[in-house]
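What follows is a single structure, written as structure tokens, with notes after it.
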Amino acid sequence: MKPARTISLALLVVVTACSAFAQDLPRRKLIQTGWDQVSPERLVEQMDAVEQQPFHGLVVRFNGRGDTPAFRVAFQNEDWDMAAIEEVIADLQAAQAASTRPMVRFLLMNANPGDVDWFDDAGWASIVEHWRIAARVAREGGLAGILFDPEPYNKPFRQFSWLAQAERDQHSFAEYHAKARERGAAVMQAIASEYPEMTLFCYFMNSANAMAAGRPDPVGALAGASYDLFPGFIDGWLDAAPPTLTFVDGCESAYMFNSQTEYLAAYNRIKSDCQWLVSPENRAKYRAQVQVGFGIYLDPYINPPGDKYYIDPKGMERVERLGTNVGFALQVADEYVWVYGEKASWWPTPHPRANEQRWWDALPGIEAQLRAASDPVAYAQQMMAEAGAELANLGVNGDFQSATVGEAAAPPEADWDPNAAPPGWSFWQHEDSTGTPGWDREVGHDEPGSARMAGVVSGCVLQKIPVTPGARYCVVAWRKLQGDGGSSIRVRWQDPEAKWYQPSLDVMIDADGPREEWAQMAGVVTVPESAGYLVPLLNSQGQLSADDVVWYDDLAVFAID
């Protein structure tokens with residue numbers, strides 16, 4: 001018999017073995033970038049080091065061999081060395097062939113040197129050609145798309161500033177804005193001709209001008225701002241973008257966010273307010289094709305208090321605060337969160353300052369925190385395997401072997417009521433549902449004994465488990481189905497007085513496997529502030545007859561921090 005409140009070694013082995021889905025890219029992805037960005041040439045050489053780190057993808061510098069020439073410096077009137085471009089493509093293809101796990105990669109493009117006036121037709125013909133070549137390189141190199149950094153690094157040139165343009169005395173801001181839209185459309189036509197399915201990921205898009213979005217005249221209010229021509233350029237992108245192309249506003253302004261509320265508010269500004277910075281005919285396309293991402297700046301988690309870039313850990317270890325904020329960002333983002341750092345590196349890099357130390361030395365525990373935030377189920381499974389069979393299970397009678405709560409082990413012939421919830425559990429069903437719960441002494445995942453529901457249109461077996469606000473817990477169970485109907489685990493919350501708490505924060509966990517066989521259900525949840533109890537609801541839905549059955553077994557709830 002299994003111990004009542006530990007997790008069996010057999011369960012640990014199977015949970016780990018069944019984590020193949022963790023090898024696939026998740027819906028939300030953590031992307032690495034920073035001063036230690038690899039070039040295509042170094043990516044081939046450093047593939048093992050890159051793939052060992054807790055990221056789903058990375059940004060690749062658009063450099064030739066030897067890190068020159070820097071093709072990412074694209075906003076200039078200069079022909080590119082096409083022989084070197086072919087070498088870049090060959091290196092990217094070699095890296096793709098050497099990769100051992102799925103990763104998304106983006107090709108870096110900079111708005112530098114930015115010395116081409118928007119009314120310079122010859123100069124812009126060169127810039128448009130650079131974008132076309134970059135799109136081709138991304139497609140043939142097996143990359144997801146382009147990462148565009150609009151920031152000026154070659155002062156006094158600022159490509160997206162009206163006041164920095166050579167002909168600003170000859171053309172009004174409105175004329176420059178219209179010309180920026182025209183150039184943006186030409187750039188997008190070049191991109192779409194080469195790679196219409198790509199993702200155009202930007203460190204920021206209209207999030208940089210969000211304060212103007214709520215003004216009565218949003219475009220007019222931009223004049224004189226640092227990136228006042230960028231919304232016009234984006235509007236041109238949207239004019240020519242095919243429906244297959246995805247944009248990402250990476251919201252670099254999220255660097256100092258330190259609460260879930262800040263991420264939620266920024267998401268709303270970008271998806272709602274910022275659409276007013278593009279023309280009316282492009283707003284539906286903006287809503288449909290522009291995703292929201294967030295930037296995580298690592299340096300504030302190692303900088304001293306008082307530094308301009310310092311994040312208050314709010315009573316946590318600083319690395320734990322990082323993990324919490326990455327978790328918030330991933331929960332809110334549409335697909336991508338990018339991690340940027342300057343003071344350390346993830347692998348050897350020619351950048352002298354970043355190469356002085358590795359991030360796991362600068363911020364011990366960072367790898368575990370990023371893994372826990374970005375792939376929590378796989379991380380929890382790893383913790384289960386490392387902890388062994390004595391890992392504490394907070395669930396009561398999760399293996400459905402106890403005849404009464406607190407009894408270590410009961411024989412299968414224990415006299416349980418087949419039409420009542422097992423000890424330690426409650427049963428609820430909708431008033432229109434007339435199904436029955438019970439204990440099945442014949443059927444079980446690892447040993448005979450499981451919770452059973454038949455003919456339940458909408459209902460569940462459930463229990464409440466005391467938990468700590470802010471802590472993370474893994475919830476694991478197994479289910480098997482017969483006939484019609486569905487199954488899921490709904491994790492709900494109660495406050496310390498056992499009253500239901502914020503249903504909007506409920507978490508759904510589904511099975512990954514065939515209906516007629518035992519399949520695992522696993523997820524990781526973070527306890528909301530002010531919650532006192534985690535309540536797993538083992539659900540049955542859509543069962544219309546007594547022959548429609550769902551079985552649940554081996555529920556485990558355990559802390560992973």
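Just so you know, all these numbers are worked out from the coordinates, no wet-lab data involved. These numbers come from a predicted model, not from an experiment. In this analysis, Cβ positions are derived from the backbone assuming ideal geometry, glycine residues included, and neighbour counts consider all displayed protein chains.
Before moving on, here are some points about what is shown:
- Amide hydrogen neighbours beyond the local backbone of residue 537, cut-off 5 Å, H modeled: 490, 491, 492
- Near residue 144, once Lys and Arg are set to +1 and Asp and Glu to -1 for all other residues with Cβ below 11 Å from its Cβ, the sum equals +1.
- Leading residue at positive end of dipole, the chain (Cβ point charges), from 73, 344, 159: 159
- Counting only Cβ charges, +1 for Lys and Arg and -1 for Asp and Glu, the dipole size of the chain around its Cα centre is about 780 debye.
- On Cα atoms only, tilt of 230-240 relative to the major axis of the chain in degrees: 80 degrees
- Put a plus charge on the Cβ of each Lys and Arg, a minus charge on the Cβ of each Asp and Glu, and nothing anywhere else: the dipole of the stretch 254-378 about its Cα centre is then about 300 debye.
- Rounded to the nearest 10 degrees, the inclination of helix 376-387 to the longest alpha-carbon principal axis of the chain is 50 degrees.
- Bridge orientation summary for the chain: considering DSSP beta bridges with both residues in this region, about 60 percent are antiparallel.
- Put simply, the convex hull of the Cα atoms in the chain casts, on average, a shadow of 28.5 nm².
- Pairwise FRET efficiency - residue 70 versus residue 97, Cβ, R0 = 35 Å, nearest 0.05: 0.90
- Computed from Cα positions, the angle between helix 260-271 and the longest principal axis of the chain comes to roughly 50 degrees.
- Spin-label model, residue 264 to residue 500: label points 7 Å out along the Cα-to-beta-carbon direction sit 1.8 nm apart.
- Estimated purely from DSSP H runs of n ≥ 4, each contributing -39500 (n - 2.57), the mean residue ellipticity at 222 nm for the chain is -8500 deg cm²/dmol once divided by its residues.
- Applying the Karplus relation 6.51 cos²θ - 1.76 cosθ + 1.60 with θ = phi - 60° to the stretch 492-498 yields 3J(HN,Hα) values of 10, 10, 10, 7, x, 8, 6 Hz, where x marks Gly and Pro.
- Once the Cβ-Cβ distance of residue 272 and residue 529 is raised to the sixth power relative to R0 = 22 Å, the FRET efficiency obtained is 0.30.
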